[in-house]
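In what follows, a single structure is set out as C-alpha cells and then discussed.
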There are 2 protein chains.
Amino acid sequence: MARPSGSDAGVTGPRVRDAAERLFAAHGYAAVSMRAIAAEVGIGAGALYHYTPDKQTLLFQLMRAHLEEVIAAWAETDPKGAPADRLDAFARFHIQFHLDRPEAVFIAYMELRALEPDNFAVIETLRRRYEAILRDILAAGVAAGEMQVADVPLAANALIAMLTGVTTWYREGGRLERGEVETLYAQMALGAVGAQKSSAKTF
Amino acid sequence: MARPSGSDAGVTGPRVRDAAERLFAAHGYAAVSMRAIAAEVGIGAGALYHYTPDKQTLLFQLMRAHLEEVIAAWAETDPKGAPADRLDAFARFHIQFHLDRPEAVFIAYMELRALEPDNFAVIETLRRRYEAILRDILAAGVAAGEMQVADVPLAANALIAMLTGVTTWYREGGRLERGEVETLYAQMALGAVGAQKSSAKTF
DNA sequence: CTTGGAATTGAACGCTCGTTCGGTTCATAT
DNA sequence: ATATGAACCGAACGAGCGTTCAATTCCAAG
C-alpha cells in the first residue's frame, strides 16, 4: 500500500503548509519535527518532500508569503487621508490581520532567528518595508503638527510591539469582541503619539 | 586528564547559567544543545549535570530566578505616590530591567511554550503577579480620575508588550542613550492611557 | 603526607532528527 | 484496456540529541 485512494497534491499541499504554520506557531520551528508535521497531515514524513525541498524552505516560504500579503493588503486599505486617520486605520488593520492569522503573524515576528542568512535577508527586507509604512505615517503626522513624537523610529517600534502583542492574550469568544479590541488599541496608539482622529477634533 | 586545574564549582556554576541564558535567548531553548552550552563554558557535556538535573530544569530555574528578582526589585522601586507617577516609574523600571538583562527578560517572555506543564504553572503564576502590578496602577489611575482606560487588563497587556519590545531593536552604543529611551517610552505609556506626570500638571 | 570527596572527562546508550530512495498503488489520458 | 506519471509508504542513512557513568585528576582538610 503506497498510494492511498483520494490522495491529491492540490489538497495535500495546502494542508502541509497549514499544519506547518500551526505547529511552528505553537511549539517553535526548532521544536517541530518533519514527522510531526506529516502526522498532522496524515501522511508519511517522506511525502512532505513533494511539497518542500526542505524544512527551512517550508518556514521561509510561509514567512515570505505572509509578509507580502500583509504589505499588499495595506496598500488597498490605506485611506491616504490625514496622518491621524491613517494611524487609526493602520492600528485597526494590524490588529485585524493578527486576529485573522495569529499563527502566520506570530511566526513572522518570532522565528526570524531560525532563518538561514540568505533567507533572513529577504524576510528582513520585507519586514522593514512594512515597518516603514508606520514610520511614514508618524513622520507625516509630525510634519502636519498632528502628532508629538520625539523619535519616529522608536515610536514606530513601540507601537508595532504593542499592536503585535495582541496575539499573546486574545482568544476568540473571550470577554472582548474583536471590534472592541481594535478600537481600544487604536485609541491607545493615537494617545501614545499625542494624536486624535479628525472626526473627534474640537474646533 | 579528567579534572583540569583551576576547576571550581563556585565559578563554573554561574558560568553555566550565563551561557545557557545567552544561548537560549539567541537561538531558542529547543535549538540549543547541552553540548553547545558546555562548549560555551569550556567543559564537557557530562559536567553540566553537576549543575542541573536536566535541560528543562536549567530553563525553569533561569526563568523563576529572573521573575522573582523583577518582582522583588519593583517592590523596592515603587514610589507609592500618584498613579500617573507610579506608571511613569513602572515604565522606566521595566525598560531599565530589559536593557540591563535583555536575555533573561526575552527568555521569560518567549520560552513559556518550552516549559513542561508543572513548571509552566509556576512561571505563569509569577508572570501574572508581575502583570498585576501594572493592572493595579491603571485601576488606581482610573479610580483617581488621572487616566482614561476603557479596559484595564487590555491596556496592561498592550503596555507590557510595548515596553518589552524594546529588546528587539535597542543596541548599546546606538543612536539613543538609555535614559532617552526610558523617557520616550514612559511618555508614550502615559499618553496611551491619557495621563501625565504630576510634575507636568497645569493648574 | 595522606586521603577522600569534588570536578570533570570521554565514551557510550537509546532515541529522534532531517533527508533520501526504491518500490508500490492510484488517477488519468489515451 | 493500457500505460504513464503523480502521490505516497516505509525502511534506511548518518548525524546529533539528552543523559548516564566509570575512570581520572585535582584540591583541601587532617
If you go through A:TYR109, A:TYR170, A:TYR185, the only one that is among the hydroxyl-bearing types (Ser, Thr, Tyr) and assigned to a loop (DSSP other than H, G, I, E, B) is A:TYR170
Among the candidates B:LEU115, B:LEU99, which residue alone is more than 16 Å from DNA strand D (Cβ to nearest atom) and within 14 Å of chain A (Cβ to nearest Cβ)? B:LEU99
Please verify whether A:GLY81 is more than 14 Å from chain B (Cβ to nearest Cβ), at positive phi and open to solvent by 20 Å² or more (accessible area, probe 1.4 Å), treating the condition exactly as stated. no
In segment B:46-102, anything aromatic (Phe, Trp, Tyr) and assigned to a helix (DSSP H, G or I) is listed as B:TYR49, B:PHE60, B:TRP74, B:PHE90, B:PHE93, B:PHE97
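Name every residue in segment A:166-187 that is facing chain B (nearest Cβ under 9 Å) and open to solvent by 10 Å² or more (accessible area, probe 1.4 Å), in order of residue number.
To start, the set of residues in segment A:166-187 that are facing chain B (nearest Cβ under 9 Å) comprises A:166, A:168-170, A:175-176, A:180-181, A:183-185, A:187.
Of everything in segment A:166-187, those that are facing chain B (nearest Cβ under 9 Å) and open to solvent by 10 Å² or more (accessible area, probe 1.4 Å) turn out to be A:THR168, A:TRP169, A:TYR170, A:ARG175, A:LEU176, A:GLU180, A:THR183, A:LEU184, A:GLN187.
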Among the residues of segment B:161-188, how many are among the β-branched types (Val, Ile, Thr) and at pLDDT below 95? 4
Residue that is out of contact with any strand residue (DSSP E or B) (no Cβ under 7 Å at 6 or more places or on another chain) and outside any helix (DSSP H, G or I), where the choices are B:LEU176, B:LEU190: B:LEU176
Within segment A:28-50, the count of residues that are more than 8 Å from DNA strand C (Cβ to nearest atom) and either assigned by TED's automatic domain parsing to the domain that holds A:LEU126 or surrounded by fewer than 16 Cβ atoms within 10 Å (Cβ to Cβ) (or both) comes to 3
Quick check: anything in segment A:137-150 under 19 Å from the mean Cα position of the chain (by Cα), modelled with pLDDT of 95 or more and assigned to a helix (DSSP H, G or I)? yes
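Among the listed residues B:ILE160, B:ILE133, identify the single one that is open to solvent by less than 20 Å² (accessible area, probe 1.4 Å), in a helix (DSSP H, G or I) and of a type in the set (Val, Ile, Thr).
The unique qualifying residue is B:ILE160.
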Within segment B:53-74, restricting attention to residues that are more than 14 Å from DNA strand D (Cβ to nearest atom) and open to solvent by 60 Å² or more (accessible area, probe 1.4 Å), which residue is farthest from B:TYR130 (Cα to Cα)? B:ARG64
Matching residues in segment B:29-52 (more than 16 Å from B:VAL11 (Cα to Cα) and at pLDDT 95 or above) number 8
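The values are calculated or read from the model by the stated rules, or taken from the named source; none is laboratory data. Being a predicted model, the structure only gives us computed values, none of them experimental. Heads up, the Cβs are rebuilt from the backbone with ideal geometry, glycines too, and the neighbour counts pull from every protein chain shown. Surface areas here come from the heavy atoms of the whole protein model, side chains and all, with no ligands, DNA or RNA. Shrake-Rupley method; radii C 1.70, N 1.55, O 1.52, S 1.80 Å.
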